[in-house]
Amino acid sequence: MAADTIKRREVGDRDVEIEILFCGVCHSDLHFVRNEWSDAMPATYPAVPGHEIVGRIRKVGSSASKHKVGDLVGVGCMVGGDIANCPYCKAGNEQFSPTTVWTYGSMEPIIGGPTYGGYSESIVVDEHFALRMPANLPLAAAAPLLCAGITTYSPLRHWKVGPGKKVGVVGIGGLGHMGVKFARAMGAHVVVFTTSPGKVEDAMRLGAHEVVISRNADEVAKHTYTFDFILDAVSADHDINALLRLLKPEGTMCMLGAPEKPLSVSAFSLLFGRKSLAGSPIGSIAETQEMLDFCGQHNITADVEIIPIQKINEAYERLLKGDIKYRFSIDMASLKSE
Ligand code: NAP
Ligand code: ZN
């Protein structure tokens, strides 16, 4: 990755311009720039990833009223869409809308060309897609809430995780570590499945009640038929049949990870026990605001390592190896020294 100059659209009536202060580094950024999602979301180059953005409002459009100059806001994976007419948006589910303009890799609706993400100095978005940041959270550690946070919070709420429920979180990376924090804060019994023995102590600190090394089949088998819900946040190929066996009858496993290659599912893993295998993309704008407010109340942020933009290639190498606890957050002030 290298420095370049990009063009943003002028601030329209309903837009806000945001000076970006921090941007988290999601594994989706890495999948995208390596073109590992060539079918679902082919990469175009030059690409500017980044959809865990926090910043300060610098300009406000003439009919925009949600934010004012100086406000601290967050932007996640969505920056626009036909919110006035789309039935999914009108029902409050912008994340399902075919009109959604994604923060990067979409078509820029006004000036054309691709949309460019948050590894940049500023961004212009429809005001609806800018979220209010709680005043008490450190911004570098709050940036990952805009993707890793909402992506784990939304399914935990949708499947009504709470006291009395046994919940598994598989893969303790950027998403998984937020899943552990949320599931614990919601009152569930939380069991972590990790391939990394070095994350066992940490997982307990993050809020897990139990930690299982997922490469140890005997340890995994002890949990057969006991889970109400499992969140799978793994970025690579792995055995999901072994995880489906751990669900109780009528339990659900929700895929969050988006590995490059299709995963194989045995019908028997689902039909015995009438189990469900589901998936979930980010969350709506209203739910993202609810999640941010929840984080403000419970003092929840991501565990971050702050890096200057000049270290991004090194950060990608380390993310590929799982060598990060648990999210890189880019300090955009470093762009000024480019
Ligand atoms: P990440 O920080 O790289 O974490 C992924 C974790 O998966 C690793 O920390 C590791 O956890 C585990 N893992 C990696 N390789 C593995 C393997 N070969 N076998 C088993 N486990 C392995 O990634 P992330 O940013 O959290 O993203 C996770 C996935 O979610 C990515 O595919 C990303 O694109 C996707 N995603 C989806 C959405 C959505 O809307 N659904 C949103 C954001 C991201 P352990 O060390 O604990 O095993
Ligand atoms: Zn993401």
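The values are calculated or read from the model by the stated rules, or taken from the named source; none is laboratory data. None of the values given here were measured: they were computed from a predicted structure. Neighbour counts run over all protein chains shown; Cβ positions are idealised from the backbone, glycine included. Remember, those area values only see protein heavy atoms, side chains included, never the ligands or the DNA or RNA. Shrake-Rupley method; radii C 1.70, N 1.55, O 1.52, S 1.80 Å.
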Consider Lys165 carefully, then state whether it is touching a helix residue (DSSP H, G or I) at 6+ places or on another chain (Cβ under 9 Å) and open to solvent by 50 Å² or more (accessible area, probe 1.4 Å). yes
Of (1) at pLDDT 95 or above; (2) more than 25 Å from Asp303 (Cβ to Cβ); (3) away from ligand 2 (no atom under 16 Å from the Cβ), Arg132 satisfies all except one. Which? (2)
Which of the residues that make up region 289-321 are buried (at least 20 other Cβ atoms within 10 Å of the Cβ) and not β-branched (Val, Ile, Thr)? Met291, Leu292, Cys295, Ala302, Ala315, Leu319
Of these, Val75, Val25, which one is under 24 Å from the mean Cα position of the chain (by Cα), closer than 12 Å to Glu127 by Cα and within 16 Å of ligand 2 (Cβ to nearest atom)? Val75
Considering only region 294-338, how many residues are within 26 Å of Ile18 (Cα to Cα), modelled with pLDDT of 95 or more and of a type in the set (Lys, Arg)? 2
So which residues in region 137-169 are small (Gly, Ala, Ser) and touching an Asp or Glu at 6+ places or on another chain (Cβ under 8 Å)? Ala140, Ala141, Ala143, Ala148, Ser154
So, of the residues in region 21-30 that are open to solvent by 10 Å² or more (accessible area, probe 1.4 Å) and of a type outside the set (Ser, Thr, Tyr), which turns out to be nearest to ligand 1 (Cβ to nearest atom)? His27
Which count do you get for residues in region 159-181 that are assigned to a helix (DSSP H, G or I) and either touching a Lys or Arg at 6+ places or on another chain (Cβ under 9 Å) or within 16 Å of ligand 2 (Cβ to nearest atom) (or both)? 6
Any hit, region 57-72, residues being within 16 Å of ligand 2 (Cβ to nearest atom) and under 14 Å from Ser120 (Cβ atoms): no
Long-range neighbours under 8 Å by Cβ, at least six apart or interchain, first residue part of a loop (DSSP other than H, G, I, E, B) within region 1-17, second acidic (Asp, Glu): Ala3/Glu338; Arg8/Glu17; Arg9/Asp15; Arg9/Glu108; Val11/Glu17; Arg14/Asp126; Arg14/Glu127
Ala130 passes all but one of (1) buried (at least 24 other Cβ atoms within 10 Å of the Cβ); (2) away from ligand 1 (no atom under 16 Å from the Cβ); (3) over 19 Å from the mean Cα position of the chain (by Cα); which number fails? (3)
Evaluate region 276-288: report whether one residue or more is buried (at least 18 other Cβ atoms within 10 Å of the Cβ), at pLDDT 95 or above and more than 14 Å from the chain's Cα centre (by Cα). yes
Answer yes or no: is there a residue in region 82-98 that is modelled with pLDDT of 95 or more, buried (at least 18 other Cβ atoms within 10 Å of the Cβ) and over 22 Å from Arg132 (Cβ atoms). yes
For residues that are open to solvent by 10 Å² or more (accessible area, probe 1.4 Å) and either at pLDDT below 95 or touching a Phe, Trp or Tyr at 6+ places or on another chain (Cβ under 7 Å) (or both), tally how many sit in region 141-160. 1
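Residues are listed down the side, and each one gets a yes or a no for (1) more than 16 Å from ligand 1 (Cβ to nearest atom); (2) part of a loop (DSSP other than H, G, I, E, B); (3) farther than 13 Å from Lys7 by Cα:
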{"position": "Gln95", "(1), (2), (3)": "no, no, yes"}
{"position": "Gly105", "(1), (2), (3)": "no, yes, yes"}
{"position": "Ile110", "(1), (2), (3)": "yes, yes, no"}
{"position": "Gly117", "(1), (2), (3)": "no, yes, no"}
{"position": "Ile123", "(1), (2), (3)": "yes, no, no"}
{"position": "Asn136", "(1), (2), (3)": "yes, yes, yes"}
{"position": "Ala140", "(1), (2), (3)": "yes, no, yes"}
{"position": "Leu145", "(1), (2), (3)": "no, no, yes"}
